[in-house]
Amino acid sequence: METIVVPAAVEVAGSLVTPAVEGGKGIFNCLKHKYAYMKNIKKNIAKLKNEESYLSAVDEDVKRKLERNESTKEKTNRCETWLNEVAKIKQDIETLESDYGKTSTYLCGLCPFTGLLKLGKRIVRKTAEVVELKNQITQITIMVEKPPAAPIPVIRKHPPKIDDVPSLNSHVERLVEWLEDEKLKRICIWGPPGVGKTTIMENLHNRVGASCKFDIIFWVNVTAEGRIRNIQDVIWERLDMKMDGNYCADQRANMISDKLKDKRYVLFLDLDNILSEINLREVGIHDEHKHGKVVFACRYKNDNICGDTDEELNVRRLSKEDARNFFWKVVGSHLKGNPDIKPVAELIINECGGMPHLIKLIGNRLANMDDPAIWRDMLLKLRSPTMEPLEQLEEVYKAFKIVYERLTEEMKPCLLYWGVFPAGYEIFRDHIIDCWRAEKFFLNLRKLPKTRDRGHAILDEFVRKSLLEKGRKLGHFKMYEYFQRVALRIANLKENFNFFVTEDENIIEEEWERARRVSLIRVRLSTLPQRPQCRGILTLLLRESSLTEFPREFFGYMCGLQVLNLHETRINALPSSISSLINLKGLFLNNCDQLVQLPSQIGDLQSLEILDIRHTGLYSLPIEIGQLANLRCLRVSFTEDVGNHNHVEELRPMVPSNVITRLSKLEELSIGVSHNSSRYQNAAEIAREMSELEELTTLCFFFPEMVSFEAFIQNSKSWKGNETPSAGNSFRSFSIVVGCQRNSSASEFSVFECSAEKHLKFSAGNETPDAIFQVLRQAKAFELIGHQTASSLSVFPADKLQGLEACIIEECNEMESIIDRDRTGTAFEDNDSTNVEFERLKSLHINNLPKLTRIWQGSIESKNLCRLTTLTLKGCHRLQMLFSQGMIIRLSQLQKLQVEDCGIMKEIIEDGITVESHAFPKLKNLQLRDLPELCSICHVSLRWPSLETILIKTCMKIRNLPHTMQSASKLRIIQCTEDWWNQQDWPNNINEDDFREFLNFI
C-alpha cells in the first residue's frame, strides 16, 4: 500500500510544483518588465522629447505649406484632424514632463513602486503614439485646390436719382434696351465733362444688376496712367483669381479671357480722363465672348477708343425745364419765391448750360442762401472773362484745358475764337470758317475750297471732342456755355489775343484800345466812339445790335481790322471812313434790311476776300464792287420791291455789266433773286460773265431760261475744269435752279442734310437736256417740279440717280411711277454698282402726282432704297397701295413715313403678300392724314420694334390699329380723334387700357 501511495503523493506534489515554478517565472518576467519602465524612465523621457521634436518639425512644415498656398488651396478634413491630434499629443507630453519632474527625486527607491511604474508605462506608450502620428502624415493628403468662390454678381453704385430728370432717365431706358439686344456688344456713351454720363452709367449699372440677367458686372474708373492694368486688376479681383505667380500682362489677359468666355457679363468703363485708345483684347475682353458686353463713357465721339462700337449715345445738355427743376431742387425750392433772387437764378441757370455737374456744384454753393447780393456776385464770377475759375469749377476748367492743350497749333486759335461770341450763341458753319480765314488762321491754304474742307474737319473734331455741339438750326454749331467762358479766359491770358466781350452799352474808349477782338453782339448801342484809337483791333462784331449809324470817322484808326460783322443791324449807310480798312478781309452786311446803298469807297477795300450783302435794302449791286480785285466770295440777294425807288433806279440792272467779269479771283458766287422779278432780264448776260470765271467752285444761281443754263454748262471754264480733275478746279458745291420757279410745298429737307452741298432744281420742263444730266450726275439733292412729259424717273439714266441723297418730285402730271424697271427693260446685277438708282437716297418726297399708281414698278435690287430714312407722299389720288413685298424688304432703314391726301388709297402694305414680323425695324414716326378709303396699315401684326409716335387723322375706315400695333413696345404717343379711337376693334387678348396712356386726342 505504501509503495502505491508514495508515488501518488509525489505525482500530486509534482503536479503542483510545476505550475508554481512556471508561475514564478512569469511573475519574475513581469516584474522585470515593469522594473524596466522604472529603470529606463530617464532614457525613455529623453526619447519622447526627441520624437516630439521630429513631430513638431513636421507640424511646422505642414502649417507653412498651408499658409503659403492659402489663397488657392485649403487643408483637408483629415489634415485638420491630424493637426488637432498633434496639438493634443503635445499637451499630453507637457503633462508627462511635469509628472516626471515631480517624481525624479524619488528614483533612489523612495518613490512608491506603483507610481513610477505607471509613469514609465505612460512615457513609453506616448512615445509610440508620437512616432505613429509622425509617420501618418506621409499617408495623408494635406490640401486640395479651393473651389472657385462665387463672385458677387454686382456691387451697387450710389448715383443721384434721376427719376425726376427725364432728359437723363430716357437715356437709361434706351441703354437698357440696347443691353437686352444680343447683337449689341459694344456701347459708347459720349459727351463733355459734367453732362451726366457717369450718372447715367451708374443708374444703368444698378438697373442691369437688379435684373439678374448677367452672371457678373464689372465697374472700372480707368486712369490715364494705368489703363490696361486698371481694368485687369478689377476683373482679377472680382473673379477671385490667383494672386501668386509673377504673370505678365499677356498671361493675365489669357487667364481673364478663359474665365469670362462662357459668362454673361457687362464691363462698365468710365474713360472720362482717357484720351488715347484702349485695346480691350490686351485686357482679355474679346468679341468671341458670346455673352459679354462692354459699356464705356468718354468725352469724345468714339474714335475707336475701345474699338468699333455697335451703338453710340450722345449725351447732351439737360432740357431747359429739367435744368431749371434740378437747380431748384439743389438750392432749395423755397428760394424760388424770392423776387430778388429768381431773375438772377434764371441767368445763373443759363450760364450752367444744362450741365448737371455745374448745376450741382453752383447750386450747392448757393443752397439756402437768401441774400440776393451773394447770388449776383456768383453770376458776376461766372461771367468774368479774367477771374480765376471758382474752386468748385476747377475740375471742369482743367478738363477743357487738357483737351485744348492737346489740339494742334492750327486748331487752338480756332477754338479760342469761339470766346468772342456770347455764351450759347449758335454760329453758322460757313460764317465761322470765314472768320477763321479772315483772321489768317489758315495761312498755308490759299483756296477757299481747301479752307472750307479744313474748317469742316476742325468743326467735326471739336464736336467729337465734346467741345462744341450741333445747333438747333441745320449747319449751325454752338459751344457749351461754361466752355465758352473758359475759352475767353484762356484767350485773354495769351499775348495779342485779348477779347473784349460785353453786354453793357456804356463802353469807355480805353477798352476799345486794349482789345484785339471786340464783341458787342446784341448790345443796345446808343452811341459809338467818334474815332477810337484802336489800330490793333482785328475783329469787330456788332451783329444784332441796335446800331443805326456810325460816326463819320469811326473806322479812321482801324487799319488792322480783318473781320467786320454788321449782320442784322439797322444801319442805313456805311461811313466814308470805311476806306481806312485796308486789311479788311471779311465784311458781313447780311440782313441789314435798312441798308439801301454802299458808299463808293467800298471799292477801296483791296484786301477784301469775303463780302456778304444778302437780304439788304440794296436795289442793285454797286459798280465799285468790280474794283475788289482780291474778292473770292460774293454773296448778294435782291427782292422785287420797287415801291421805294424812282423810275430811273428801276431801269438799272440788279448786277451791272462787267462787274462779275472783273472779279477774276472769285471762287464762290451766290446771287439770290426773286424768281418772278421783272428786273432779272440780264440773267443770260450774268451767266455769260460767270462762264469766264476760271476759279469758281461754288455757285448759287437761278437760270430762268434753259438756253442760258445750257450755254453756261457748255462754255464755263470752271465747270469744264470740274470734268477734268487734273485741272484742279472742282465745283465743291452748287445750288442751281433751272426754269420758271414754283413754290415747292414738299421741300422739307435742307441741302445741309446731304454729305455734299450740291442741289439741282429743275422746274417746268418738257424734255431733259444733256446739261441737266451733267449736273444731276454730281447732285446730292434733286427737285423735279412740274415736268410735263416724264412718266417716271427712269427717263434719267440710273447712274445719274445713284448718288442722290434727297429727292423731291412734285406736280409732274404724267408720272405713273417713280422708278419703272419694266419700261427701261434694263437688267441689273447686285454687284453692278454703276446702274443702281437711289442707292444712297435718304429722303424721298412725292407731292401732287395725279397719275401715280406705284412708287416702284418691276424688280428691285438689294441696293435700291437701302438707306432711305424718310418718305413723304401727298396728293396722289390714283395710288391704292403704297408698299409691295419687294419694297418692304429694302426699307430696313426707314424712320419716318408720312402719307397724306390720297383719295383712293386702301392699303399701306399690300394684302396677300408675305411680310416678315421684323419688317420696318427702325420706323419711329408714322403719320396718316386725309386717307378716306384706307382700311389697313398691315393685315398681320408686326413687331414695330422702334415705333414711338403715330398720328392718324381723317382715316375713318381703319379699325384694326390695336391688332396691328399690339407688339409696338416703344410706342409712346398716339395722336387721333376721339371718334376714330372709339370705333377701333379690340381683339380679346388686348386690353384697351394699355393704350390709353399714349392717347393725345386732336
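A few points about this structure:
- Full-extension gain in nm, E495 to D994, via 0.36 nm per residue minus C-alpha separation: 173.1 nm
- Subtracting the Cα-Cα distance of N84 and K183 from their residue separation scaled by 0.36 nm leaves 30.0 nm.
- Portion, in percent, of the accessible area of the chain that falls on carbon or sulfur, probe 1.4 Å: 47 percent
- Here is the tail figure for the range 528-593: Cα pairs spaced more than 18 Å apart come to 28 percent of all pairs.
- Using θ = phi - 60° in the Karplus curve 6.51 cos²θ - 1.76 cosθ + 1.60, the 3J(HN,Hα) couplings for the range 566-581 round to 10, 3, 6, 8, 10, 5, 10, 6, 9, x, 5, 5, 4, 5, 6, 7 Hz; x is entered for Gly and Pro.
- Label-point gap, in nm, between N682 and E510 - each point 7 angstrom along Cα→Cβ: 5.3 nm
- Summed side-chain charge close to G903 - residues other than G903 whose Cβ falls under 9 Å, Lys, Arg +1, Asp, Glu -1: -2
- Accessible area per residue in Å² at 1.4 Å probe, computed on the chain: 47 Å²
- In the chain, helical runs assigned H by DSSP with n ≥ 4 each contribute -39500 (n - 2.57); averaged across all residues and rounded to the nearest 500, the mean residue ellipticity at 222 nm is -11000 deg cm²/dmol.
- Of S56, I908, L179, farthest towards positive along the dipole that unit charges on Lys, Arg, Asp, Glu beta carbons give the chain: S56
- Residue pairs, from the table K401/K924; K450/K470; K320/K494; K213/K922; K473/K761, whose Cα atoms sit over 30 Å apart: K401/K924; K320/K494
- Computed from backbone phi with θ = phi - 60° and the Karplus coefficients 6.51, -1.76 and 1.60, the 3J(HN,Hα) list for the range 353-367 is x, x, 9, x, 5, 5, 4, 5, 4, 6, x, 5, 5, 9, 4 Hz; x is used for glycine and proline.
- Partners for K42 among lysines (Cα-Cα distance below 28 Å; same-chain residues under 8 apart left out): K25, K32, K34, K88, K90, K102, K118, K121, K126, K134
- Accessible-area value, F920, 1.4 Å probe, nucleic acids and ligands omitted, Å²: 10 Å²
- Working from label points 7 Å from Cα in the Cα-to-Cβ sense, the E405 to E978 distance is 6.5 nm.
- S637 accessible area, 1.4 Å probe, all protein chains in place, Å² to nearest 10: 10 Å²
- Using a cutoff of 8 angstrom between alpha carbon atoms and counting only pairs six or more residues apart, the relative contact order for the range 853-988 works out to 19 percent.
- Rough spin-label spacing in nm, given labels placed 7 Å along Cα→Cβ, for A46 and R174: 9.0 nm
- Computed extension length for H334-Q594: 88.8 nm, one decimal, from 0.36 nm per residue of separation with the Cα-Cα distance subtracted.
- Of the residues L589, L361, ranked by 1.4 Å probe accessible area with the largest first, the sequence reads L361, L589.
- Of all DSSP bridge pairs formed entirely within the chain, close to 5 percent run antiparallel.
- Taking Cα atoms only, the orientation of helix 448-464 departs from the longest principal axis of the chain by about 30 degrees.
- Of the residues I200, I341, L566, the one whose Cα sits farthest towards the positive end of the charge dipole of the chain is I200 (charges of +1 on Lys and Arg Cβ, -1 on Asp and Glu Cβ, taken about the Cα centre).
- Label zone at E948, where the point sits 7 Å out along the Cα-to-Cβ direction: the range 140-183 residues whose backbone N lies under 16 Å: 166-178
- Against the chain, whose longest principal axis comes from its Cα atoms, helix 228-238 is set at around 50 degrees.
The values are calculated or read from the model by the stated rules, or taken from the named source; none is laboratory data. Quick caveat: nothing in here was measured; it's all calculated off a predicted structure. In this analysis, Cβ positions are derived from the backbone assuming ideal geometry, glycine residues included, and neighbour counts consider all displayed protein chains. Keep in mind that these areas ignore ligands, DNA and RNA; they rest on the heavy atoms of the full protein, side chains included. Shrake-Rupley method; radii C 1.70, N 1.55, O 1.52, S 1.80 Å.
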